[in-house]
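K.L.:
First the structure, which I've put down as structure tokens, then a few questions once you've had a look.
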Amino acid sequence: MKIAILGCGQLARMMAQAAARLDVVCSFVALEGEDTACVAALGKVVYWSPGDDTPNLYAALGQPSIITVEREAIDVALLRELTTLCPVAPSPEGVLVGQNRSLERAMLQALHIPCAPYRIVTHTDEVRAAVAALGLPLVIKACESGYDGKLQWRLHAPADVNRFCQAHERGHWLIEKFVDFKCEVSIVAARSGDSGFVAYPLTENHHRDGILLASIAPARQVPARLQQTATSYLRTIMDHLGYIGVMAAEFFVVDDGLLVNELAPRVHNSGHWTMQDDMTSQFENHLRAILGMPLGATRLRHHAGMINILGSTEGAGPGDLRDPDVRMHRYNKMPAPRRKLGHLNVSARSEAELLSRLSKLHETLYGAETAF
Ligand code: AMP
């Protein structure tokens with residue numbers, strides 16, 4: 001069986017590593033000159049730029065049985081053209097919703113799934129009107145192209161509003177209430193063509209400068225009913241889209257439940273801890289879903305965590321890796337500020353043990369202890 005993955009980053013790398021265990025051969029599309037180091041030696045790489053011929057691309061990929069994606073920032077016109085040659089999962093419509101915060105919010109509203117009060121604005125006059133209607137503090141996010149906290153502005157005081165309006169005139173922004181959340185959690189689920197559905201335990205996420213730093217599963221101090229709520233929200237969204245593959249939803253935990261922050265139509269960094277020995281990883285379940293294979297176990301027997309290796313840190317020390325419950329996953333990337341170079345997965349019998357391991361790893365990676 002052959003599949004092709006659009007994108008050559010670490011998510012494509014980990015998907016290909018899972019594919020090898022299912023005896024599936026991968027090829028990759030390098031989009032507009034992207035770096036391919038993450039997928040080096042994992043399969044054929046074909047370069048694509050806008051205007052290139054799609055049937056030629058499909059032939060160069062070795063005529064895969066199915067095409068999937070590792071990111072939402074993909075030309076949807078290309079995806080639509082590929083659907084005339086072979087199945088594409090998730091569908092272009094599923095990817096489109098994850099690319100555009102305006103479409104995402106409209107869908108959530110139509111499905112009665114809660115998120116922070118917001119407005120979609122295209123001009124600074126509308127920004128000022130939204131500030132008057134919603135009240136400060138607010139967050140402004142570009143509707144397209146923003147990720148890991150990029151293209152976002154915090155408006156705490158009227159001076160911040162003036163500064164934003166002086167620096168921008170027109171754009172396409174989501175402006176939403178700043179949420180005083182208790183914590184951030186996410187859920188990852190897989191849905192297959194025959195409506196098979198599995199969800200992983202709710203994961204607690206810790207960010208630094210808008211980038212995921214660490215995940216803890218199951219999420220602590222979150223009422224058990226919220227697992228049910230998160231699962232049902234994501235299932236509703238996936239059913240509505242007829243979605244096939246893995247999708248993730250990020251939430252803010254507030255007094256009366258969950259508010260959706262963002263959806264990701266792909267495998268997700270907050271699901272990397274699922275690469276444990278005793279369960280089916282999000283990468284394998286994504287492949288199982290798109291290949292029409294039965295979905296694998298998502299039950300977590302112990303406690304699991306993940307810490308990202310970000311920027312120019314050396315990574316974990318040999319002392320940390322002597323521990324058989326700590327596993328390193330490197331992405332073969334050149335160090336650069338804020339760049340995700342790899343991650344460490346940790347498992348433990350108790351929550352206390354997990355937290356102590358994560359704190360220790362944080363200290364080796366970033367030179368300071370942190371309390372998770
Ligand atoms: P995003 O790129 O939308 O996931 O935002 C990156 C991070 O910024 C989130 O994980 C939150 O920590 C924070 N953030 C985003 N939106 C809000 C909001 N409306 N209120 C409070 N914090 C937010």
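The values are calculated or read from the model by the stated rules, or taken from the named source; none is laboratory data. Note that the structure is predicted; figures quoted are calculated from it, not measured. Here the Cβ is made from the backbone with ideal geometry for all residues, glycine too, and neighbour counts use every protein chain on show. SASA here: full protein model, heavy atoms, side chains in, ligands and nucleic acids out. Shrake-Rupley method; radii C 1.70, N 1.55, O 1.52, S 1.80 Å.
K.L.:
Could you pull out every one of the strands (runs of 3 or more DSSP E) wholly within segment 292-355 that has 3 or more residues that are closer than 28 Å to Phe197 by Cα and at pLDDT 95 or above? I'd like the intermediate steps shown before the answer.
P.N.:
Details: elements: 303-310, 326-330, 340-348.
Hits in segment 292-355: 303-310, 340-348.
K.L.:
For segment 139-153, give me the residue count where each residue is under 16 Å from Tyr118 (Cβ atoms), near the ligand (Cβ under 8 Å from one of its atoms) and open to solvent by less than 40 Å² (accessible area, probe 1.4 Å).
P.N.:
The total comes to 3.
K.L.:
Need pairs with beta-carbon distance below 7 Å; first residue surrounded by fewer than 16 Cβ atoms within 10 Å (Cβ to Cβ) and within segment 183-196, second of a type in the set (Val, Ile, Thr); sequence gap 6+ or separate chains.
P.N.:
So the pair list comes out as Gly193/Ile244.
K.L.:
Could you list, in sequence order, the residues of segment 193-241 that are over 19 Å from the mean Cα position of the chain (by Cα), in a loop (DSSP other than H, G, I, E, B) and under 21 Å from Gly296 (Cα atoms)?
P.N.:
Gly193, Asp194, Ser195, Gly196
K.L.:
Between a first residue in segment 222-251 that is under 23 Å from Leu287 (Cβ atoms) and a second residue that is modelled with pLDDT of 95 or more and among the basic types (Lys, Arg), which pairs have beta carbons less than 6 Å apart while being 6 or more apart in sequence or on different chains?
P.N.:
Pairs that qualify, where the first residue is under 23 Å from Leu287 (Cβ atoms) and the partner is modelled with pLDDT of 95 or more and among the basic types (Lys, Arg), are Met238/Arg191; Tyr243/Arg191.
K.L.:
Now for a different question. Of Arg322, Arg338, which residue is at positive phi, open to solvent by 20 Å² or more (accessible area, probe 1.4 Å) and among the basic types (Lys, Arg)?
P.N.:
Details: Arg322 fails: at positive phi.
Result of the check over Arg322, Arg338: Arg338.
K.L.:
Additional query: What residue, among those in segment 250-283 that are more than 11 Å from the ligand (Cβ to nearest atom) and part of a strand (DSSP E or B), is surrounded by the fewest Cβ atoms within 10 Å (Cβ to Cβ)?
P.N.:
Checked segment 250-283; the qualifying residue surrounded by the fewest Cβ atoms within 10 Å (Cβ to Cβ) is Gly257.
A quick yes/no check of all residues on (1) of a type in the set (Ser, Thr, Tyr); (2) away from the ligand (no atom under 13 Å from the Cβ); (3) modelled with pLDDT under 95:
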{"site": "Leu155", "(1), (2), (3)": "no, no, no"}
{"site": "Ala199", "(1), (2), (3)": "no, yes, no"}
{"site": "Arg208", "(1), (2), (3)": "no, no, yes"}
{"site": "Ile216", "(1), (2), (3)": "no, yes, no"}
{"site": "Leu234", "(1), (2), (3)": "no, yes, no"}
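K.L.:
Shifting gears a bit: May I ask you to list the residues in segment 131-175 that are of a type outside the set (S, T, N, Q) and in contact (Cβ under 8 Å) with a residue 60 or more places away in the chain? Outline the logic, then answer.
P.N.:
If we filter segment 131-175 for residues that are of a type outside the set (S, T, N, Q), which is where we start, we get 131-144, 146-151, 153-161, 163-165, 167-175.
Of everything in segment 131-175, those that are of a type outside the set (S, T, N, Q) and in contact (Cβ under 8 Å) with a residue 60 or more places away in the chain turn out to be Tyr147, Asp148, Gly149, Lys150, His172, Leu174.
K.L.:
Within the set of pairs 6+ apart or on separate chains, which have a first residue in segment 1-28 that is buried (at least 17 other Cβ atoms within 10 Å of the Cβ), a second that is of a type in the set (Asp, Glu) and in a helix (DSSP H, G or I), and C-beta atoms under 8 Å apart?
P.N.:
Ala18/Glu284
K.L.:
Turning to a different aspect of this structure: Run Arg357 past the list (1) more than 20 Å from the chain's Cα centre (by Cα); (2) surrounded by fewer than 19 Cβ atoms within 10 Å (Cβ to Cβ) and report the number of the one that doesn't hold.
P.N.:
Unmet for Arg357, out of (1) more than 20 Å from the chain's Cα centre (by Cα); (2) surrounded by fewer than 19 Cβ atoms within 10 Å (Cβ to Cβ): (2).
K.L.:
Of all residues in segment 161-177 being more than 21 Å from the chain's Cα centre (by Cα) and within 14 Å of the ligand (Cβ to nearest atom), which is farthest from Leu291 (Cα to Cα)?
P.N.:
Going through segment 161-177, the residues more than 21 Å from the chain's Cα centre (by Cα) turn out to be 161-172, 175, 177.
Of the ones still in play, those that are also within 14 Å of the ligand (Cβ to nearest atom) are 175, 177.
Numbers: Ile175: 39, Lys177: 40 Å.
Among those residues, the one meeting the criterion is Lys177.
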